[in-house]
Amino acid sequence: MKNIRTINTSYSKRKAVEILKREEFDCVFLNFSRNQEEFMREIARGSNPEAVIEKMRELGIVKDPEDSQEYRAAMPLFEFLPSLDEDKIYCYKGEASLSLSRDYAVRTLILTLRAKIGRIDVREWKDVMRDDIYSEMSSADEEAEYIAGIAKKRNVCIDGSKRLMSKLSELGFRVEEVVVDSPCRPLDILREKVEREVLYNEPLEDEEVIRLVKEHVRFVDMVVKSGYEEACRIWARELASL
């Protein structure tokens, strides 16, 4: 099982597509919910991706603004799908997982708005992160069983979590990780630190949480000024220069 790890930008997904073009796979597992699988196959049959996404929006399967950037970022993948046999395309996420991800996004937005006026509650930030971590872990076990029941000889997964890949390894799959871009936003770093505290009892000081939340607010200001994808580029360059 090859797992291609990207960030939520079109330039990162484009790198994933270049990898997909170089190899032949029996199954391509996309990180969308299973109730979107037939729509992905519709795109593979030649339907306009934007029209298909609009159809999903009308049916309530895609929600704005929670899902907007995800679908903008995925456009290079959608443009690639017609080059695949539609029977090779699967979506591995459960609908409950998608709902929990949206809940996390909304809760994070509320805390971000409070942080912008100087109200940073460390416990609340940690609680939101912990809930998301436990939800991902729980979902990954079920996702692994689903993938294992479908997978063939040559398989690729887009953005499978660490827990999902670990579970697939336990189920007998040889896992190869290909990281095309590493998450580097302040919230990505904060979540990783909370996860290490949860799983490995590595202490996370309140001061570090506050520092990263303030950096997150600065990143959000960049998004407002330059757009999400350019903000990600700027932020990655800043970190690389440190």
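Somewhere in the range 169-177, is a residue over 30 Å from Arg218 (Cα atoms), in a strand (DSSP E or B) and touching a strand residue (DSSP E or B) at 6+ places or on another chain (Cβ under 7 Å)?
yes
Step by step: first the residues of the range 87-113, then only those that are over 24 Å from Glu197 (Cα atoms) and surrounded by 15 or more Cβ atoms within 10 Å (Cβ to Cβ), then the one that is modelled with the lowest pLDDT. Which residue is that?
That would be Leu98.
Specify which of the listed residues (Ser12, Ser68) is without any contact (Cβ under 8 Å) to a residue 12 or more places away in the chain and either touching a helix residue (DSSP H, G or I) at 6+ places or on another chain (Cβ under 9 Å) or not acidic (Asp, Glu) (or both).
When all the criteria are applied, what remains is Ser68.
Return the total of residues in the range 132-145 being surrounded by fewer than 18 Cβ atoms within 10 Å (Cβ to Cβ) and either at pLDDT 95 or above or within 15 Å of Arg34 (Cα to Cα) (or both).
2
Please work out which one of (1) assigned to a helix (DSSP H, G or I); (2) under 17 Å from Ile147 (Cα atoms) is the condition Ile4 fails and give its number.
Condition (1) is where Ile4 drops out.
Does Asp181 count as in a loop (DSSP other than H, G, I, E, B), closer than 30 Å to Arg233 by Cβ and either in contact (Cβ under 8 Å) with a residue 40 or more places away in the chain or out of contact with any strand residue (DSSP E or B) (no Cβ under 9 Å at 6 or more places or on another chain) (or both)?
It is true that Asp181 is in a loop (DSSP other than H, G, I, E, B), closer than 30 Å to Arg233 by Cβ and either in contact (Cβ under 8 Å) with a residue 40 or more places away in the chain or out of contact with any strand residue (DSSP E or B) (no Cβ under 9 Å at 6 or more places or on another chain) (or both).
What are the residues in the range 82-118 that are touching a Lys or Arg at 6+ places or on another chain (Cβ under 9 Å) and of a type in the set (Phe, Trp, Tyr), if any?
Across the range 82-118, the qualifying residues are Tyr90, Tyr92.
May I ask you to list the residues in the range 63-82 that are within 15 Å of the chain's Cα centre (by Cα), aliphatic (A, V, I, L, M) and more than 10 Å from Phe32 (Cβ to Cβ)?
Correct list: Ala73, Met75.
Residues being of a type in the set (D, E, K, R) and surrounded by 12 or more Cβ atoms within 10 Å (Cβ to Cβ): count how many of those fall in the range 39-49.
2
The values are calculated or read from the model by the stated rules, or taken from the named source; none is laboratory data. Source: prediction; values computed, not measured. Please note: Cβ atoms are built from the backbone with ideal geometry, for glycine as well, and neighbour counts cover all protein chains shown.
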